[in-house]
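The values are calculated or read from the model by the stated rules, or taken from the named source; none is laboratory data. Predicted, not measured: the structure shown is a model, and the values here were computed from it. Cβ: placed from backbone, ideal geometry, glycine included. Neighbour counts: every protein chain shown. Just the protein is used for accessible areas: all its heavy atoms, side chains included, with ligands, DNA and RNA removed. Shrake-Rupley method; radii C 1.70, N 1.55, O 1.52, S 1.80 Å.
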Amino acid sequence: MPTATQLQPTTNTPTTPMSIRVYNTLSKKKETFEPVTPGKVGIYLCGPTVYKPSHIGHMVGPVIFDAIKRYLVYNGYEVTWVVNITDVDDKLIAEASKRGISMAQVAEEMTADYLHNLSLLGVDQIDKMPKATDCMDEIIQFIADLITKDFAYAADGDVFFDVAKDREYGKLSNRSPDEQQGEGGEAAARKRSPGDFALWKSAKPGEPSWDSPWGKGRPGWHIECSAMSRQILGETFDIHGGGLDLMFPHHENEIAQSECCHGKPMVKYWLHNGLMQSAEQTGKVGGRQTREREVEPEIDLQAQIEGKTSKSKKAESFRDLLEKLGVDASIVRFYLLATHYRSPFYLSNERVQEAADSAKSFERFFERYERVSGESFYELKQAARRTDGEFDPGDNPLLREVHARRSGFLAKMDDDFNTGAAVSELFELLRALNKHIDQHKLEESSRDAAQVESLKRGVAALRELTALLGIFREPPAKSGGDDALVGKLMELMISLRAEARQNKDFATADRIRNGLTEIGITLEDRKEGTLWRVE
């Protein structure tokens, strides 16, 4: 049996991580991840247009990239993650007019809502959140540079990008300039080609506007992201993320603007997540279907866009959705990360409840662990770097299993950040730890100290891996009501049931247990007494 000293990281354990590989939407294949600047990573994720409360579709990308940044930092990279806020847009102007308030006020309210939802989901790794209205000088200069280089032209106060000048236009989405959805109405008559898109829009009476060399107006959507990403991450950066629906025209237009302006690649790796779908299909998280997520998803872009959950389809606000589902936001995070990020996300009450039930299996184990070790899982120190968590398992059966599951988890994360397959390794690790407690009867008073130490090392690995996904970071939120009063009432119910059993009144004892089960309270009889939990 290894001693506590032997369970520390050892110098003879390999410390060089497997190369991380990512699926690049641009090349349509997996590539070895090699940052522009060794050791440093710049990530840009398209954020929301803040004109209405954010919905579940807005949460997918931030949760995924929050986990991706955690993993890159864990592997020793210095990461800067940018998520922009589009706070000037036709939709914002229309909403402000409808409500009789300023566009800035609408944007401020909806940005606060977005940030609140990110906080609920544990998304706290974002480094910078630029707003379009704060980057107007950079945007105007960017447009001026494109005009100087003859890739854009001014027309009666508007400025358009000339797609015919970009020979590589469409290389991301494999679409032609003819498929570009350009501005309609009066703007269409001022364009050289129907596929040309707006860089600057002349102001209409009563609309918010900024001074520019082409007159008062406001920027087009696509140029905002090109300007903000350049301002913070440079002319070429490592990862650009967003939903599959943004690939065309938004990301295609970003590439056209940036690469024509700078004469170099804008982004090395384009990562696109699947879209949120409304569906009643179910599949147990942690069960067979979770293990099947190791299979590479086949992406049907058009089908995902047609089934996308969005405000245009009257999607519920995220707050309303949480209330309807009756779960904590941490469960939604767990649910999202249990799927391969490039796959569609099927939203249904059943699927989210499956995730909630699966999360409870971990929470029950954390309670077992505290009874055995006297330590809270949530207070365990977690390995900050990959090398910090390495250890030599020796010939210890449990630690060999833990080592294998940890290695499997990391291999799956190295392979295009496959959190869905990685979650399946967490379930296998959980089963091994529960089995160890059962086999060695560690919940009994005569427990073997050496076996407890092995358990602690195994749980340290579980803590390390769950922290990488940003799950099980703190105890589940207590339900409403007076917890102290509920505890006293449960003590009374348990006492009455014990008396009934002692008097061989098993009918009454069963009635108490079954009645509590019906209202979501589970009793668990143990040698040291009866425990209870809210299911």
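Table: residues versus (1) of a type in the set (A, V, I, L, M); (2) in a loop (DSSP other than H, G, I, E, B); (3) in contact (Cβ under 8 Å) with a residue 60 or more places away in the chain; (4) surrounded by 15 or more Cβ atoms within 10 Å (Cβ to Cβ).
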position: 41; (1), (2), (3), (4): yes, no, yes, yes
position: 53; (1), (2), (3), (4): no, yes, yes, yes
position: 63; (1), (2), (3), (4): yes, no, yes, yes
position: 67; (1), (2), (3), (4): yes, no, yes, yes
position: 76; (1), (2), (3), (4): no, yes, yes, no
position: 79; (1), (2), (3), (4): yes, no, no, yes
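A Cβ distance below 7 Å, combined with a sequence gap of six or more or placement on separate chains, defines the contacts here; from segment 473-496, residues that are loosely packed, with under 10 Cβ neighbours inside 10 Å and modelled with pLDDT of 60 or more reach residues that are in a loop (DSSP other than H, G, I, E, B) and among the acidic types (Asp, Glu) in the pairs 477/328.
Residues that are on the phi < 0 side of the Ramachandran plot, in a helix (DSSP H, G or I) and surrounded by 18 or more Cβ atoms within 10 Å (Cβ to Cβ) occur at least once in segment 373-384. Note on segment 497-535: residues that are part of a strand (DSSP E or B), at pLDDT 80 or above and of a type in the set (S, T, N, Q) amount to 1.
Of everything in segment 192-250 that is of a type in the set (S, T, N, Q) and touching a residue at least 12 places away in the same chain (Cβ under 8 Å), the residue that is most open to solvent (accessible area, probe 1.4 Å) is 231.
Of the residues making up segment 81-93, those that are in contact (Cβ under 8 Å) with a residue 24 or more places away in the chain and out of contact with any Leu (no Cβ under 6 Å at 6 or more places or on another chain) are 81, 82, 84, 85, 86, 87, 88, 89, 91, 92, 93.
Considering only residues in segment 212-225 that are over 23 Å from the mean Cα position of the chain (by Cα) and either in a helix (DSSP H, G or I) or among the aromatic types (Phe, Trp, Tyr) (or both), the one that is farthest from residue 38 (Cα to Cα) turns out to be 214.
The set of residues in segment 228-245 that are in a helix (DSSP H, G or I) and touching a Pro at 6+ places or on another chain (Cβ under 8 Å) comprises 228, 231, 232.
Applying a threshold of 6 Å to beta carbon distances and a minimum spacing of six or more residues, or different chains, the list of pairs starting in segment 507-534 at a residue that is closer than 12 Å to residue 495 by Cα and loosely packed, with under 15 Cβ neighbours inside 10 Å and ending at one that is of a type in the set (Lys, Arg) and at pLDDT 75 or above is empty. Taking the criterion of being open to solvent by 10 Å² or more (accessible area, probe 1.4 Å) and either in a strand (DSSP E or B) or hydrophobic (A, V, I, L, M, F, W, C) (or both), the only residue of segment 251-265 that qualifies is 260. Quick check on this structure: which one of 152, 188 is more than 30 Å from residue 101 (Cβ to Cβ), of a type outside the set (Val, Ile, Thr) and touching a Leu at 6+ places or on another chain (Cβ under 6 Å)? Only one candidate qualifies: 152. Screening segment 409-460 for residues that are within 26 Å of residue 68 (Cα to Cα) and outside any helix (DSSP H, G or I) and picking the one that is most open to solvent (accessible area, probe 1.4 Å) gives 415.
Candidates 146, 172: the one that is modelled with pLDDT of 95 or more, assigned to a loop (DSSP other than H, G, I, E, B) and buried (at least 19 other Cβ atoms within 10 Å of the Cβ) is 172.
Residues are listed down the side, and each one gets a yes or a no for (1) among the hydrophobic types (A, V, I, L, M, F, W, C); (2) closer than 21 Å to residue 357 by Cβ; (3) at pLDDT 95 or above:
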| residue | (1), (2), (3) |
| --- | --- |
| 377 | yes, yes, yes |
| 424 | no, yes, yes |
| 436 | no, no, yes |
| 447 | no, no, no |
| 453 | no, no, yes |
| 467 | yes, no, yes |
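In segment 387-404, the condition of being among the acidic types (Asp, Glu), modelled with pLDDT of 95 or more, surrounded by fewer than 19 Cβ atoms within 10 Å (Cβ to Cβ) and in a helix (DSSP H, G or I) is met by at least one residue.
Would it be correct to say that residue 363 is assigned to a helix (DSSP H, G or I) and either at pLDDT below 95 or of a type in the set (Asp, Glu) (or both)? So residue 363 passes the test.
Is there a residue being within 30 Å of residue 418 (Cα to Cα) and in a helix (DSSP H, G or I) anywhere in segment 120-141? Yes - at least one qualifying residue is present in segment 120-141.
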